[in-house]
1. Please go through segment 276-333 and pick out each residue that is within 10 Å of ligand 3 (Cβ to nearest atom), in a helix (DSSP H, G or I) and not aliphatic (A, V, I, L, M).
2. Search segment 269-321 for residues being within 20 Å of residue 148 (Cβ to Cβ) and among the aliphatic types (A, V, I, L, M), and hand back the single one that is nearest to ligand 2 (Cβ to nearest atom).
3. When you scan segment 144-174, how many residues do you find that are open to solvent by 60 Å² or more (accessible area, probe 1.4 Å) and hydroxyl-bearing (Ser, Thr, Tyr)?
4. Looking for whichever is over 17 Å from residue 152 (Cβ atoms) and among the acidic types (Asp, Glu) here; the options are 311, 333. Which one fits?
5. Any idea which of (1) more than 23 Å from residue 332 (Cβ to Cβ); (2) hydrophobic (A, V, I, L, M, F, W, C); (3) open to solvent by less than 40 Å² (accessible area, probe 1.4 Å) is the one residue 138 doesn't satisfy?
6. For segment 250-275, give me each residue that is assigned to a loop (DSSP other than H, G, I, E, B) and either aromatic (Phe, Trp, Tyr) or within 30 Å of residue 342 (Cα to Cα) (or both).
7. With (1) touching a residue at least 40 places away in the same chain (Cβ under 8 Å); (2) over 26 Å from residue 86 (Cβ atoms) as the list, and residue 172 as the residue in question, which single condition is left unmet?
8. Check off (1) of a type in the set (S, T, N, Q); (2) assigned by TED's automatic domain parsing to the domain that holds residue 40; (3) modelled with pLDDT of 95 or more for residue 95 and give me the number that stays unchecked.
Amino acid sequence: MPHYNAYDSFKTKKSIEKKQRAKEKAFGKKNDEVDDFITNKCDNYGIIIEVRYDDAYVLLDDEVILAKLRKDINLVCNQVIFPGDKVVVLGENGNYTITNLIKRTSLLSRTKKDRTRKDDLGLTKSFAANVDLAVIVVAAKEPPLHPKFIDRYLMILQNSNIPAIICLNKCDLKTLEEDEILSIYRDLNIPVVETSTYNNIGIDELKTYLLNKQAIFVGNSGVGKSSLTNAIMGDDEIKTSHVGEKSKRGRHTTTTSKYYVWNDNSSIIDTPGIRSLDISSFSPIEIQDYFPELDNWREKCKYNDCLHFHEPYDSCIVKQGVASGLINRDRFESYLRIMSDVLDEKNYDDVLDEIFPKKK
Ligand SMILES: Nc1nc2c(ncn2[C@@H]2O[C@H](COP(=O)(O)OP(=O)(O)OP(=O)(O)O)[C@@H](O)[C@H]2O)c(=O)[nH]1
Ligand SMILES: [Mg+2]
Ligand SMILES: [Zn+2]
(Lines give C-alpha, C1' and ligand atoms only; values in the text may rest on other atoms or scores of the structure.)
(Ligands and ions follow the chains in the order given, each with its own letter.)
Protein backbone atom coordinates (compact mmCIF):
# COMPACT_ATOMS: atom_id res chain seq x y z
CA MET A 1 0.00 0.00 0.00
CA PRO A 2 1.47 3.39 -0.88
CA HIS A 3 1.77 5.64 2.14
CA TYR A 4 -0.59 8.57 2.01
CA ASN A 5 0.16 11.66 4.01
CA ALA A 6 -2.47 14.36 4.00
CA TYR A 7 -0.03 17.05 5.08
CA ASP A 8 2.38 16.19 2.29
CA SER A 9 -0.47 16.32 -0.15
CA PHE A 10 -1.52 19.72 1.18
CA LYS A 11 2.04 20.98 0.84
CA THR A 12 2.29 19.67 -2.71
CA LYS A 13 -1.01 21.22 -3.59
CA LYS A 14 0.13 24.57 -2.19
CA SER A 15 3.40 24.41 -4.07
CA ILE A 16 1.58 23.53 -7.28
CA GLU A 17 -0.79 26.43 -6.76
CA LYS A 18 2.18 28.70 -6.16
CA LYS A 19 3.87 27.51 -9.33
CA GLN A 20 0.62 27.89 -11.22
CA ARG A 21 0.26 31.48 -10.01
CA ALA A 22 3.84 32.20 -11.02
CA LYS A 23 3.14 30.71 -14.42
CA GLU A 24 0.01 32.79 -14.83
CA LYS A 25 2.11 35.75 -13.85
CA ALA A 26 4.58 34.89 -16.58
CA PHE A 27 2.03 34.14 -19.25
CA GLY A 28 -1.33 35.53 -18.17
CA LYS A 29 -2.62 38.26 -20.45
CA LYS A 30 -3.74 40.47 -17.57
CA ASN A 31 -0.36 40.82 -15.93
CA ASP A 32 1.55 43.91 -16.99
CA GLU A 33 4.83 43.18 -15.19
CA VAL A 34 6.07 40.35 -17.38
CA ASP A 35 3.61 40.71 -20.20
CA ASP A 36 6.47 41.87 -22.39
CA PHE A 37 8.09 38.41 -22.23
CA ILE A 38 5.84 37.16 -25.00
CA THR A 39 6.22 39.12 -28.18
CA ASN A 40 4.27 38.85 -31.40
CA LYS A 41 7.01 38.91 -33.94
CA CYS A 42 10.73 39.29 -34.31
CA ASP A 43 12.80 38.62 -37.37
CA ASN A 44 15.97 37.56 -35.64
CA TYR A 45 15.15 34.64 -33.39
CA GLY A 46 16.70 31.40 -32.18
CA ILE A 47 15.00 28.03 -31.88
CA ILE A 48 15.04 26.00 -28.69
CA ILE A 49 16.76 22.66 -29.27
CA GLU A 50 16.84 21.20 -25.78
CA VAL A 51 15.83 22.53 -22.37
CA ARG A 52 17.61 21.70 -19.14
CA TYR A 53 16.66 22.69 -15.62
CA ASP A 54 17.85 26.28 -15.71
CA ASP A 55 19.23 26.81 -19.20
CA ALA A 56 18.59 25.78 -22.79
CA TYR A 57 20.44 25.01 -26.01
CA VAL A 58 19.38 27.44 -28.71
CA LEU A 59 20.02 27.25 -32.44
CA LEU A 60 20.99 30.80 -33.40
CA ASP A 61 22.42 31.77 -36.81
CA ASP A 62 23.55 28.17 -37.52
CA GLU A 63 25.31 27.95 -34.19
CA VAL A 64 24.24 26.16 -31.00
CA ILE A 65 24.57 28.28 -27.87
CA LEU A 66 23.64 27.80 -24.22
CA ALA A 67 21.38 30.52 -22.80
CA LYS A 68 19.68 31.33 -19.50
CA LEU A 69 16.24 32.76 -18.94
CA ARG A 70 15.78 36.48 -18.19
CA LYS A 71 16.11 36.89 -14.40
CA ASP A 72 12.75 38.57 -13.69
CA ILE A 73 10.82 35.57 -15.04
CA ASN A 74 11.59 33.81 -11.78
CA LEU A 75 10.81 30.31 -12.99
CA VAL A 76 13.07 27.46 -13.98
CA CYS A 77 13.74 27.15 -17.67
CA ASN A 78 11.96 23.82 -18.22
CA GLN A 79 8.66 25.26 -17.00
CA VAL A 80 8.69 28.13 -19.43
CA ILE A 81 10.19 27.18 -22.79
CA PHE A 82 10.15 23.98 -24.81
CA PRO A 83 11.87 22.51 -27.87
CA GLY A 84 10.56 24.21 -30.99
CA ASP A 85 9.99 27.54 -29.23
CA LYS A 86 11.23 30.64 -30.99
CA VAL A 87 13.10 33.02 -28.69
CA VAL A 88 14.92 36.32 -28.76
CA VAL A 89 18.45 36.00 -27.39
CA LEU A 90 20.83 38.77 -26.32
CA GLY A 91 24.49 38.50 -25.37
CA GLU A 92 27.84 37.34 -26.65
CA ASN A 93 30.87 35.16 -25.90
CA GLY A 94 29.19 32.39 -23.97
CA ASN A 95 26.98 34.68 -21.94
CA TYR A 96 23.51 34.63 -23.44
CA THR A 97 20.06 35.50 -22.12
CA ILE A 98 16.66 34.58 -23.50
CA THR A 99 14.84 37.89 -23.28
CA ASN A 100 11.59 37.10 -25.11
CA LEU A 101 9.43 34.27 -26.32
CA ILE A 102 7.73 34.62 -29.67
CA LYS A 103 4.02 33.81 -29.46
CA ARG A 104 3.44 30.10 -30.06
CA THR A 105 1.20 28.53 -32.64
CA SER A 106 0.82 25.37 -30.57
CA LEU A 107 1.94 23.67 -27.37
CA LEU A 108 1.76 19.95 -26.64
CA SER A 109 1.44 18.70 -23.06
CA ARG A 110 1.17 15.53 -21.10
CA THR A 111 -0.05 14.81 -17.59
CA LYS A 112 2.46 13.56 -15.13
CA LYS A 113 0.38 11.69 -12.62
CA ASP A 114 1.66 10.70 -9.24
CA ARG A 115 -0.20 7.43 -8.79
CA THR A 116 0.85 7.03 -5.17
CA ARG A 117 -1.39 9.88 -4.16
CA LYS A 118 -5.05 9.38 -3.55
CA ASP A 119 -5.99 12.82 -4.75
CA ASP A 120 -4.13 12.08 -8.01
CA LEU A 121 -2.91 15.60 -8.59
CA GLY A 122 -2.24 15.88 -12.27
CA LEU A 123 0.81 17.94 -13.12
CA THR A 124 0.88 19.16 -16.66
CA LYS A 125 4.21 19.11 -18.42
CA SER A 126 4.69 20.46 -21.91
CA PHE A 127 7.15 18.94 -24.34
CA ALA A 128 7.08 20.77 -27.68
CA ALA A 129 5.98 24.06 -29.19
CA ASN A 130 5.09 25.36 -32.66
CA VAL A 131 4.50 21.93 -34.16
CA ASP A 132 3.17 21.89 -37.76
CA LEU A 133 2.79 18.12 -38.08
CA ALA A 134 2.70 15.26 -35.60
CA VAL A 135 3.81 11.78 -36.54
CA ILE A 136 2.18 9.21 -34.26
CA VAL A 137 4.75 6.44 -34.33
CA VAL A 138 3.59 2.91 -33.54
CA ALA A 139 5.34 -0.42 -34.01
CA ALA A 140 3.90 -3.46 -35.76
CA LYS A 141 5.24 -5.55 -32.88
CA GLU A 142 7.45 -4.96 -29.82
CA PRO A 143 5.53 -3.16 -28.37
CA PRO A 144 2.27 -4.53 -29.82
CA LEU A 145 0.04 -2.24 -31.86
CA HIS A 146 -3.10 -1.10 -30.06
CA PRO A 147 -5.52 1.62 -31.21
CA LYS A 148 -5.86 3.07 -27.70
CA PHE A 149 -2.54 4.92 -27.99
CA ILE A 150 -3.31 6.25 -31.45
CA ASP A 151 -6.78 7.44 -30.42
CA ARG A 152 -5.58 9.49 -27.47
CA TYR A 153 -2.92 11.16 -29.56
CA LEU A 154 -5.42 11.90 -32.31
CA MET A 155 -7.72 13.56 -29.79
CA ILE A 156 -5.04 15.77 -28.28
CA LEU A 157 -3.63 16.73 -31.67
CA GLN A 158 -6.97 17.49 -33.25
CA ASN A 159 -7.83 19.60 -30.22
CA SER A 160 -4.57 21.56 -30.64
CA ASN A 161 -5.24 21.92 -34.39
CA ILE A 162 -2.10 19.99 -35.27
CA PRO A 163 -2.40 17.75 -38.34
CA ALA A 164 -1.40 14.15 -37.66
CA ILE A 165 -0.20 11.17 -39.63
CA ILE A 166 0.44 7.63 -38.43
CA CYS A 167 3.78 5.91 -38.99
CA LEU A 168 3.76 2.16 -38.56
CA ASN A 169 7.42 1.37 -37.91
CA LYS A 170 8.97 -2.13 -37.73
CA CYS A 171 6.84 -3.06 -40.75
CA ASP A 172 9.33 -5.91 -41.19
CA LEU A 173 7.36 -7.56 -38.33
CA LYS A 174 3.89 -6.76 -39.70
CA THR A 175 1.13 -9.38 -40.03
CA LEU A 176 -2.52 -9.25 -41.22
CA GLU A 177 -3.66 -8.32 -37.74
CA GLU A 178 -1.89 -4.93 -37.94
CA ASP A 179 -3.23 -4.32 -41.45
CA GLU A 180 -6.74 -4.62 -40.07
CA ILE A 181 -6.09 -2.08 -37.32
CA LEU A 182 -4.48 0.36 -39.76
CA SER A 183 -7.47 0.14 -42.10
CA ILE A 184 -9.62 1.81 -39.41
CA TYR A 185 -7.46 4.92 -39.72
CA ARG A 186 -7.13 4.80 -43.49
CA ASP A 187 -10.95 4.76 -43.58
CA LEU A 188 -10.92 7.91 -41.43
CA ASN A 189 -8.65 9.54 -44.06
CA ILE A 190 -5.64 9.74 -41.79
CA PRO A 191 -2.43 9.15 -43.79
CA VAL A 192 -0.56 5.99 -42.76
CA VAL A 193 3.10 5.44 -43.72
CA GLU A 194 4.74 2.06 -43.18
CA THR A 195 8.45 2.11 -42.39
CA SER A 196 11.31 -0.13 -41.39
CA THR A 197 14.54 1.48 -40.27
CA TYR A 198 16.15 -1.98 -40.52
CA ASN A 199 15.37 -2.40 -44.20
CA ASN A 200 15.18 1.29 -45.17
CA ILE A 201 11.54 0.95 -46.23
CA GLY A 202 9.22 3.98 -46.34
CA ILE A 203 11.78 6.54 -45.13
CA ASP A 204 11.61 8.58 -48.36
CA GLU A 205 7.80 8.52 -48.26
CA LEU A 206 7.88 9.73 -44.65
CA LYS A 207 10.22 12.56 -45.68
CA THR A 208 7.68 13.83 -48.21
CA TYR A 209 5.25 14.46 -45.34
CA LEU A 210 7.95 16.09 -43.18
CA LEU A 211 9.39 18.42 -45.80
CA ASN A 212 9.28 22.13 -44.84
CA LYS A 213 7.60 21.35 -41.52
CA GLN A 214 8.49 21.53 -37.86
CA ALA A 215 7.37 17.97 -37.06
CA ILE A 216 7.24 15.94 -33.89
CA PHE A 217 7.58 12.19 -33.35
CA VAL A 218 5.31 10.96 -30.57
CA GLY A 219 4.51 7.46 -29.36
CA ASN A 220 5.32 4.82 -26.80
CA SER A 221 8.81 3.89 -25.70
CA GLY A 222 10.58 1.45 -28.00
CA VAL A 223 8.50 2.00 -31.16
CA GLY A 224 11.50 3.51 -32.98
CA LYS A 225 11.14 7.30 -32.85
CA SER A 226 14.88 7.87 -32.39
CA SER A 227 15.73 5.20 -34.99
CA LEU A 228 13.50 7.02 -37.49
CA THR A 229 15.08 10.35 -36.58
CA ASN A 230 18.50 8.77 -37.24
CA ALA A 231 17.33 7.35 -40.56
CA ILE A 232 16.12 10.78 -41.67
CA MET A 233 19.19 12.63 -40.41
CA GLY A 234 21.32 10.05 -42.19
CA ASP A 235 23.61 9.36 -39.24
CA ASP A 236 23.72 7.33 -36.07
CA GLU A 237 24.20 10.21 -33.72
CA ILE A 238 21.11 9.70 -31.60
CA LYS A 239 21.23 6.89 -29.13
CA THR A 240 18.44 4.37 -29.54
CA SER A 241 17.18 1.98 -26.93
CA HIS A 242 19.05 -1.02 -28.31
CA VAL A 243 20.89 -3.12 -25.74
CA GLY A 244 24.36 -3.56 -27.20
CA GLU A 245 25.56 -7.19 -27.25
CA LYS A 246 28.97 -6.30 -25.89
CA SER A 247 28.45 -3.18 -23.83
CA LYS A 248 25.16 -4.15 -22.13
CA ARG A 249 24.91 -0.57 -20.98
CA GLY A 250 21.17 -0.76 -20.94
CA ARG A 251 18.47 0.94 -22.97
CA HIS A 252 19.20 4.32 -24.48
CA THR A 253 15.70 5.45 -24.00
CA THR A 254 15.15 9.13 -24.85
CA THR A 255 14.64 11.22 -21.71
CA THR A 256 14.03 14.75 -23.01
CA SER A 257 12.55 16.16 -26.20
CA LYS A 258 15.15 17.36 -28.67
CA TYR A 259 15.00 19.32 -31.91
CA TYR A 260 16.85 18.16 -35.08
CA VAL A 261 17.21 20.01 -38.37
CA TRP A 262 17.48 17.62 -41.34
CA ASN A 263 16.94 20.00 -44.23
CA ASP A 264 17.01 23.83 -44.68
CA ASN A 265 13.46 24.33 -43.56
CA SER A 266 12.55 20.96 -42.08
CA SER A 267 12.98 19.73 -38.52
CA ILE A 268 11.97 16.91 -36.21
CA ILE A 269 11.41 16.94 -32.46
CA ASP A 270 12.24 13.50 -31.07
CA THR A 271 10.40 12.91 -27.78
CA PRO A 272 10.55 10.40 -24.95
CA GLY A 273 7.91 7.67 -24.92
CA ILE A 274 4.91 9.30 -23.29
CA ARG A 275 2.19 7.26 -21.62
CA SER A 276 -0.22 9.73 -20.09
CA LEU A 277 -1.43 12.57 -22.26
CA ASP A 278 -3.23 15.53 -20.79
CA ILE A 279 -6.92 15.01 -21.51
CA SER A 280 -8.16 16.85 -18.41
CA SER A 281 -9.43 19.77 -20.46
CA PHE A 282 -11.99 17.65 -22.34
CA SER A 283 -15.60 17.52 -21.21
CA PRO A 284 -17.40 14.13 -21.33
CA ILE A 285 -19.87 15.18 -23.99
CA GLU A 286 -17.20 16.38 -26.43
CA ILE A 287 -15.16 13.13 -26.40
CA GLN A 288 -17.38 11.62 -29.11
CA ASP A 289 -16.60 14.55 -31.43
CA TYR A 290 -13.20 12.89 -31.86
CA PHE A 291 -14.79 9.61 -33.01
CA PRO A 292 -16.42 10.69 -36.29
CA GLU A 293 -17.58 7.14 -37.05
CA LEU A 294 -20.18 7.58 -34.26
CA ASP A 295 -21.73 10.62 -35.99
CA ASN A 296 -24.57 8.86 -37.78
CA TRP A 297 -25.42 6.74 -34.75
CA ARG A 298 -25.37 9.07 -31.79
CA GLU A 299 -28.26 11.24 -32.96
CA LYS A 300 -30.54 8.19 -32.82
CA CYS A 301 -29.84 7.45 -29.14
CA LYS A 302 -32.87 8.02 -26.90
CA TYR A 303 -31.21 10.79 -24.88
CA ASN A 304 -29.61 13.56 -26.87
CA ASP A 305 -26.85 13.94 -24.30
CA CYS A 306 -26.14 10.19 -24.34
CA LEU A 307 -22.52 9.37 -23.40
CA HIS A 308 -22.98 5.71 -24.44
CA PHE A 309 -21.59 4.77 -21.05
CA HIS A 310 -24.09 4.50 -18.17
CA GLU A 311 -27.18 4.74 -20.34
CA PRO A 312 -29.15 1.49 -20.73
CA TYR A 313 -28.41 -0.65 -23.77
CA ASP A 314 -31.98 -0.42 -25.08
CA SER A 315 -31.79 3.37 -25.22
CA CYS A 316 -28.31 3.57 -26.79
CA ILE A 317 -28.02 2.98 -30.53
CA VAL A 318 -24.21 3.36 -30.37
CA LYS A 319 -23.91 0.38 -27.99
CA GLN A 320 -26.18 -1.59 -30.31
CA GLY A 321 -24.00 -0.62 -33.29
CA VAL A 322 -20.93 -1.94 -31.46
CA ALA A 323 -22.77 -5.18 -30.60
CA SER A 324 -23.67 -5.74 -34.25
CA GLY A 325 -20.06 -5.14 -35.35
CA LEU A 326 -20.93 -2.06 -37.44
CA ILE A 327 -18.91 0.17 -35.12
CA ASN A 328 -15.33 -1.01 -34.55
CA ARG A 329 -15.01 -2.58 -31.12
CA ASP A 330 -11.38 -1.53 -30.52
CA ARG A 331 -12.16 2.09 -31.25
CA PHE A 332 -15.23 1.99 -29.00
CA GLU A 333 -13.11 0.43 -26.25
CA SER A 334 -10.68 3.33 -26.57
CA TYR A 335 -13.63 5.73 -26.39
CA LEU A 336 -14.78 4.03 -23.15
CA ARG A 337 -11.30 4.16 -21.64
CA ILE A 338 -10.95 7.86 -22.38
CA MET A 339 -14.47 8.47 -21.05
CA SER A 340 -13.75 6.58 -17.84
CA ASP A 341 -10.61 8.70 -17.35
CA VAL A 342 -12.48 11.96 -17.90
CA LEU A 343 -15.35 10.86 -15.63
CA ASP A 344 -12.80 9.42 -13.21
CA GLU A 345 -14.66 6.12 -13.09
CA LYS A 346 -12.96 2.82 -13.68
CA ASN A 347 -15.91 0.65 -14.68
CA TYR A 348 -15.78 0.66 -18.47
CA ASP A 349 -15.45 -3.14 -18.40
CA ASP A 350 -19.06 -3.29 -17.16
CA VAL A 351 -20.17 -1.44 -20.28
CA LEU A 352 -18.35 -3.97 -22.49
CA ASP A 353 -19.93 -6.86 -20.54
CA GLU A 354 -23.33 -5.31 -21.17
CA ILE A 355 -22.66 -5.14 -24.94
CA PHE A 356 -20.97 -8.53 -25.15
CA PRO A 357 -22.57 -10.63 -22.40
CA LYS A 358 -20.30 -13.44 -21.31
CA LYS A 359 -21.69 -16.87 -22.15
CA LYS A 360 -22.56 -18.80 -19.02
N1 LIG B 1 12.39 -4.90 -36.16
C2 LIG B 1 12.64 -3.60 -36.14
N3 LIG B 1 13.17 -3.02 -35.03
C4 LIG B 1 13.40 -1.69 -35.05
C5 LIG B 1 13.10 -0.88 -36.16
N6 LIG B 1 13.42 0.40 -35.88
C7 LIG B 1 13.90 0.40 -34.61
N8 LIG B 1 13.91 -0.86 -34.10
C9 LIG B 1 14.41 -1.27 -32.77
O10 LIG B 1 13.50 -0.84 -31.77
C11 LIG B 1 14.18 -0.52 -30.55
C12 LIG B 1 13.74 0.83 -30.02
O13 LIG B 1 14.13 1.86 -30.90
P14 LIG B 1 14.23 3.41 -30.48
O15 LIG B 1 14.47 4.17 -31.73
O16 LIG B 1 15.19 3.62 -29.37
O17 LIG B 1 12.77 3.67 -29.91
P18 LIG B 1 12.18 5.05 -29.30
O19 LIG B 1 10.77 5.16 -29.79
O20 LIG B 1 13.08 6.18 -29.59
O21 LIG B 1 12.15 4.72 -27.74
P22 LIG B 1 12.17 5.79 -26.50
O23 LIG B 1 13.32 6.72 -26.71
O24 LIG B 1 12.32 4.92 -25.29
O25 LIG B 1 10.84 6.50 -26.51
C26 LIG B 1 15.67 -0.61 -30.89
O27 LIG B 1 16.16 -1.84 -30.41
C28 LIG B 1 15.71 -0.56 -32.41
O29 LIG B 1 16.82 -1.23 -32.91
C30 LIG B 1 12.55 -1.52 -37.34
O31 LIG B 1 12.27 -0.91 -38.35
N32 LIG B 1 12.34 -2.86 -37.25
MG1 LIG C 1 14.04 7.55 -28.37
ZN1 LIG D 1 -25.85 6.28 -26.80
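1. Residues satisfying the conditions are 288, 297, 298, 313, 315, 319, 320, 321.
2. The extreme case among them is 274.
3. The number of residues fulfilling the criteria is 0.
4. Among 311, 333, only 311 is over 17 Å from residue 152 (Cβ atoms) and among the acidic types (Asp, Glu).
5. (1)
6. 253, 254, 255, 256, 257, 271, 272, 273, 274, 275
7. Tallying (1) touching a residue at least 40 places away in the same chain (Cβ under 8 Å); (2) over 26 Å from residue 86 (Cβ atoms), residue 172 fails exactly one: (1).
8. Of the numbered conditions (1) of a type in the set (S, T, N, Q); (2) assigned by TED's automatic domain parsing to the domain that holds residue 40; (3) modelled with pLDDT of 95 or more, the odd one out for residue 95 is (3).
The values are calculated or read from the model by the stated rules, or taken from the named source; none is laboratory data. On a predicted model such as this, the values are computed, not experimentally measured, just so you know. Backbone-built Cβ (ideal geometry, glycine too); neighbour counts: all protein chains shown. Accessible surface areas use protein heavy atoms only, side chains included; no ligands, DNA or RNA. Shrake-Rupley method; radii C 1.70, N 1.55, O 1.52, S 1.80 Å.
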